[in-house]
Structures are given as structure tokens and as C-alpha cells.
Amino acid sequence: MAYSGKVAVITGGGSGMGRVAAQTFAKQGAKVAILDVNEAGMQETAQGFENIYHYVVDITQFEQVDNAVKLIEQSLGPIDRVYNCAAIMPFGKILEQDVAVIHKLMDINFGGFVNITKAALPGMVARGKGDFVSFASMAGITPGLLMGSYNATKAAVAMFTEVVYHENRDSGVNFACVCPPPVATPLLNQGKETAWPKLMVQQEGKELSPQQVIDEVETALGKNQFWVFPGKGTKMGYIMRRISPNYIWNYVHKLEGW
């Protein structure tokens with residue numbers, strides 16, 4: 001299923017998943033508004049596309065996000081898709097990780113998602129149509145040593161999305177919560193530069209491409225499917241976490257050696 005809407009908003013559009021999504025939707029004829037603090041990255045995303053518009057926005061600041069959404073709707077038209085891709089991913093042992101880093105993780109990964117939800121979703125619900133897509137992660141489902149702060153942010157995204165979906169499931173808006181395994185984007189470098197768990201080493205060379213994830217999201221939206229677990233075996237990880245959490249933890253401890 002190709003995106004047939006007219007106006008998409010993508011947070012974190014300056015690189016990675018947000019960049020690939022923006023270019024994909026632009027090729028399909030949509031007007032695409034990307035939000036990021038990385039102006040140079042957004043310019044690279046928009047290069048060669050007359051229908052990608054970039055807005056320098058600090059996703060952690062609701063007023064900036066809200067003003068951007070209002071400007072987008074005034075200039076491009078009603079938003080009919082939101083793709084929440086903005087995230088950071090520094091790893092580290094919780095008691096050794098700087099408290100400011102932990103708060104920044106939550107401010108961007110979860111707080112930023114809250115901000116785009118509050119700014120864009122009410123209008124979509126009022127119009128009774130559109131696609132609202134959040135990017136959680138398998139890291140929000142299955143925890144790992146050295147990943148605790150990131151795990152917490154993505155678990156928050158998943159739970160928040162699930163509740164907002166059920167509160168608005170008859171609104172006409174399609175909701176999808178995407179929980180991919182590692183994806184080959186620059187985000188992985190943040191983990192590698194801080195602390196790299198053996199759990200992640202095990203996934204090296206097996207990462208999904210952003211386009212694979214986007215294609216699976218499109219299929220899920222076409223089926224009005226809320227949970228999206230891209231990649232082979234990903235859904236089984238979700239099931240195992242629910243039915244046998246001790247097995248998961250035993251596996252993680254054995255793998256990490258502590």
C-alpha cells in the first residue's frame with residue numbers, strides 16, 4: 001500500500017528513518033513537512049525534492065512544535081499523516097549514566113512524542129481521518145543491560161500510543177505503534193559510542209533497512225493493524241517477553257556475562 005495522503009509531518013527528518021520516510025512519501029506525491037534541530041541534515045533530506053519542507057524545531061519544546069504544526073496546516077493543508085521518528089540512543093549502565101543524559105533521552109524520545117501528539121492529533125481526530133504512526137522499538141518491549149534508559153523511553157512511547165489509540169479508536173484515524181529490532185541508521189552510532197551491549201553485537205549485520213520498516217508499516221496501515229513488528233521473528237520476541245520474562249532475563253545475563 002502506497003501512501004495516498006496529501007500532507008505528512010515527520011519528526012526527526014534530518015537523518016535515518018525520518019529521512020527515508022520523507023523521501024518515500026515525497027516520491028509518492030505528498031507534501032512532506034520535516035521537523036528537526038538539524039538544519040543541515042534536513043536540507044540534505046530535501047535536496048532534489050520540491051515537496052519536502054523543513055522546519056527547525058526543538059521537539060522537546062511544545063510551543064515550537066505547536067507553532068510549526070499550525071504553520072504547516074496554514075501553508076500546506078490539513079495533516080493526514082504523522083510519523084514520529086525523532087530519537088536519541090546513548091547507552092550506559094544506569095548508575096553510571098549522567099542524570100542529564102537520562103533526562104534528555106526521556107525529553108526527546110517520549111516528551112517529543114507527547115508534544116507532536118498534542119499538537120497534531122486533535123486536528124486529525126476532529127477531521128476523522130489520517131494515519132498516526134509512532135516509532136517505539138523492540139527495546140521498549142524487551143529490556144537489556146546497558147540499555148535501561150533507552151528501554152524506558154521506548155516503553156513509554158509504546159504504552160502512551162496504545163492508550164491514545166484506545167481512547168480514539170472510533171475516530172477514523174488509523175494508529176500504528178512500530179516496534180522494530182535494530183535498524184541500519186546513524187542512531188546506532190550513538191549506542192556504539194557510549195556502551196555497546198553484546199545483545200546488540202549479536203544483531204550486527206542483521207539490521208533492517210529503514211525502507212523495509214516503512215514498507216511493513218504501510219502494509220500494517222492497509223490492514224488497520226495497530227502493532228507492527230517488522231522483520232523475521234520480531235513478533236516472537238514480543239510474545240516471549242509476555243509469557244516468559246525470566247527466560248529473557250536469563251538469556252541476557254548469560255549473553256552479557258554478568
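Coordinate-derived values only; no laboratory data. This one's a predicted model, so the numbers in the text were calculated from it and none came from an experiment. When we count neighbours, we look across all protein chains shown, and the Cβ atoms used for this are built from the backbone with ideal geometry, even at glycine.
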Of 93/206; 104/154; 31/154; 31/129; 27/206; 104/192, which sit over 23 Å apart, Cα to Cα?
93/206; 31/154; 27/206
Among the range 70-93, those whose backbone N falls under 13 Å of a label point 7 Å along Cα→Cβ from residue 194 are 87-93
Residue 204 neighbourhood, Cβ < 11 Å, K/R = +1, D/E = -1, net charge +2
Mind pulling up the Rg/Rh value for the range 9-75? Radius of gyration and Kirkwood radius, both on Cα.
0.94
Exposure proxy order (Cβ contacts within 10 Å, fewest to most) of 3, 165
165, 3
Between residue 170 and residue 4, Cβ-based FRET efficiency (R0 30 Å, step 0.05) works out to 0.85
